[in-house]
Every structure is written in structure tokens, then in C-alpha cells.
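Okay, structure first, notes after.
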Amino acid sequence: MTTSDRLKREKRSIRTALRALRDELSEEDRAARSRSIARALLALPELDGAGTVMVFSSFGTEVVTLPIVDALVASGRRVALPRIEQADIVAVSYRTGEEMRPAAFGMDEPLGGELIAPG
């Protein structure tokens, strides 16, 4: 087995173990942790000069990101969410309330929105 194969296997094992721990959290604990993470993220000094912020669209037992998106939009920042187009993941602008559609892996992605060029 190559080093790369071994690392991929270890990474997969760690992800599986951490997902299982996350899935065991109660709804109340998950909501409280999501709020705490949102507060910490929104207080980061790096956001002060950020005009555009890329956020993932949460699903399942992940950290709830919608309040983060809403707060960023309300603060006047442009929010980008990932969208899969053919075999690529692209950044697409998103405003609160815009239509979303189910995408790969169970997350929602913006149906419309403007493509945001990297860089």
C-alpha cells in the first residue's frame, strides 16, 4: 500500500469516527454549538475587510450555517455558496430567500445567482 493510499484510508476512518460523534449530539446541543460557532465566526477580525465570504450550505447534523449566511448578507457582504456545474464546484452569489435546489451529497445549492470568479 502506498503512502497516499494509507493516508486516504486514515482520513476516511477519521471522518467516519468524527461524523459518528457529531451524529450522537442531541438537537439542543447541536443548536447551541451552531450558535456558538456562528458568534465566533462572525466576530473574526478577518471579516472586517471581507467584501465576499464563501460559506457552505449545511445539511444533516452539520453546523447550521443559514444564520451565518443571513448575518453576512444583513451586514452588506456578498455571500457565495458552492454549486456543482458539470464536474466542477463553482462559487455563486446568494441572497437570503433566493431559491435553492437539492444537490449532491444532500446539501442545497443556489438555483440562480451570479458566478463569482476566483481570486
Q: Using the heavy atoms of the protein chains and a 1.4 angstrom probe, tell me the accessible area per residue for segment 1-99 in square angstrom.
A: 69
**Q.** Cα gyration tensor category, rounded, prolate or oblate, for segment 1-62 with a/c compared to 1.5
**A.** oblate
(Q) Show me, for segment 90-99, the HN-Hα J-couplings you get by feeding each phi into the Karplus relation (A = 6.51, B = -1.76, C = 1.60, θ = phi - 60°), rounded to Hz, glycine and proline as x. (A) 10, 8, 10, 5, 9, 10, 3, x, 5, 5
Q) Any number yet on Rg/Rh for the chain, C-alpha, Kirkwood? A) 1.01
Q. Any idea what log10 I(q)/I(0) is at q = 0.14, 0.20, 0.22, 0.25 Å⁻¹ for segment 35-82, Debye with uniform C-alpha scatterers and no solvent?
A. -0.31, -0.64, -0.77, -0.98
Q) What ranking do 74-81, 25-32 get when scored by the average of other Cβ atoms within 10 Å per residue, highest first? A) 74-81, 25-32
**Q.** Cα-based Rg of segment 76-119 normalised by 2.2 N^0.38 Å, two decimals
**A.** 1.10
Q: Just the number, please: carbon plus sulfur as a percent of the accessible area of the chain, 1.4 Å probe, no ligands or DNA/RNA counted.
A: 57
Q) For the chain, modelled as a Gaussian network with Cα springs under 10 Å, which listed residue fluctuates most, 18, 66, 41? A) 18
Q.
For the chain, what does the helix formula give at 222 nm: sum of -39500 (n - 2.57) over DSSP H segments with n ≥ 4, over the residue count, nearest 500 deg cm²/dmol?
A. -12500 deg cm²/dmol
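The values are calculated or read from the model by the stated rules, or taken from the named source; none is laboratory data. What you see is a predicted model; the values in this text were computed from it and never measured. All Cβ positions, glycine included, derive from the backbone under ideal geometry; neighbour counts span all protein chains shown. These accessible areas exclude ligands, DNA and RNA; they are computed on the full protein's heavy atoms, side chains included. Shrake-Rupley method; radii C 1.70, N 1.55, O 1.52, S 1.80 Å.
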